[in-house]
Each structure stands twice: as C-alpha cells, then as structure tokens.
Amino acid sequence: MLTHAPRPILRPNPIPLLLLLTIWLGLFCGVGPVSAQFSFRDYGPHPHLTPPDAILSRGALLIRADTGEVLYARNPDERLLPASTTKLMTALIVYEKNGKTLNGRVTVEESDRAEPSNIPVIPGETISVFTLFHALLIESANDSARVLGRYVAGSN
C-alpha cells in the first residue's frame, strides 16, 4: 500500500532578505552627515544680547541676583496672569521638599478642584504625589497644582 508522506513546510530564510533591505536602505536612503541637518551656533565668550526694544513680551523683569538691582523692566506694575510659572514653582518646591523621591499620597479635598483641568480630581480620592507631580508638569493640570500646593504647605 502506497502512502504519501507529508511534505516538509519550507520556511524561507529571512537573513538574505534583511541583508538586501539593509544594503538598499544604506545606498538609497542615506541622509548625509548630521552637520548638514543641524547647525550649532557658538556665541563665544560674548553672547549676542537682544536689545530691549526687540523683546516682544508684554512684561519683563531682569533683576541682578546678588544685589537685587532691577536691570530691566517692561510694564512692571501691570497685572499679568502668571500662566504656568506658578505650576513650575510648585513642582520645584514639591521636588525639593519631598526629598526628590516623590513618595507619598494625598487625599483630594473639594477646595482642590480647579478649571480648566485635564485630569479632573474627585474629592475624597487618594492620589500619589508621583502621579500628581507628573500631571502638573506634563498635563499642566491646575487641580494637581492645588493639591500639591496644599500638600507641601503642611495643611493636608
């Protein structure tokens, strides 16, 4: 009695195909030297300073740190919204006070809610400082700033 033996399944070797693809990419898709794409501007020992009339911001203040002398001011008495500057300062204080570990958990209170918020917090929930810290910096979440501000102030 004749029986047919099963045929072996032929699996192609991927090495020659990958080698061919690598050579093709190297020859035809090369991007050239990196210096052709990116330029680095070396200002040398004397950087180019922007003249005050060329500054486009609505308000500016430059203070000498060691003496407190005001070197430049534009609209110093105008009330302007601080935007994300306060969030960055909050993040810095949390980072310094928390021993750079960002351990801990905070319970959200009703007063912590703020609009607009990208990650709305719910009063009564407990969230890690690590999560709030990242929401503050990445999502610029106002309510995370309020929760963390209360946390570092010690009124938690």
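For the range 115-156, a tally of residues being surrounded by fewer than 18 Cβ atoms within 10 Å (Cβ to Cβ) and aromatic (Phe, Trp, Tyr) returns 1.
Selection of the range 90-106 for residues being among the polar types (S, T, N, Q) and surrounded by 15 or more Cβ atoms within 10 Å (Cβ to Cβ) yields THR90, ASN98. When PRO76, PRO51, PRO6 are checked against the criterion of being on the phi < 0 side of the Ramachandran plot and at pLDDT below 75, a single residue qualifies: PRO6. For the range 51-71, the set of residues classified as farther than 22 Å from ALA83 by Cα and hydroxyl-bearing (Ser, Thr, Tyr) consists of THR67 only. The residues of the range 49-89 that are in a helix (DSSP H, G or I), of a type outside the set (A, V, I, L, M, F, W, C) and exposed (fewer than 11 other Cβ atoms within 10 Å of the Cβ), listed by number, are ASP53, THR85.
The values are calculated or read from the model by the stated rules, or taken from the named source; none is laboratory data. All values reported here derive from a predicted model rather than from experimental measurement. In this analysis, Cβ positions are derived from the backbone assuming ideal geometry, glycine residues included, and neighbour counts consider all displayed protein chains.
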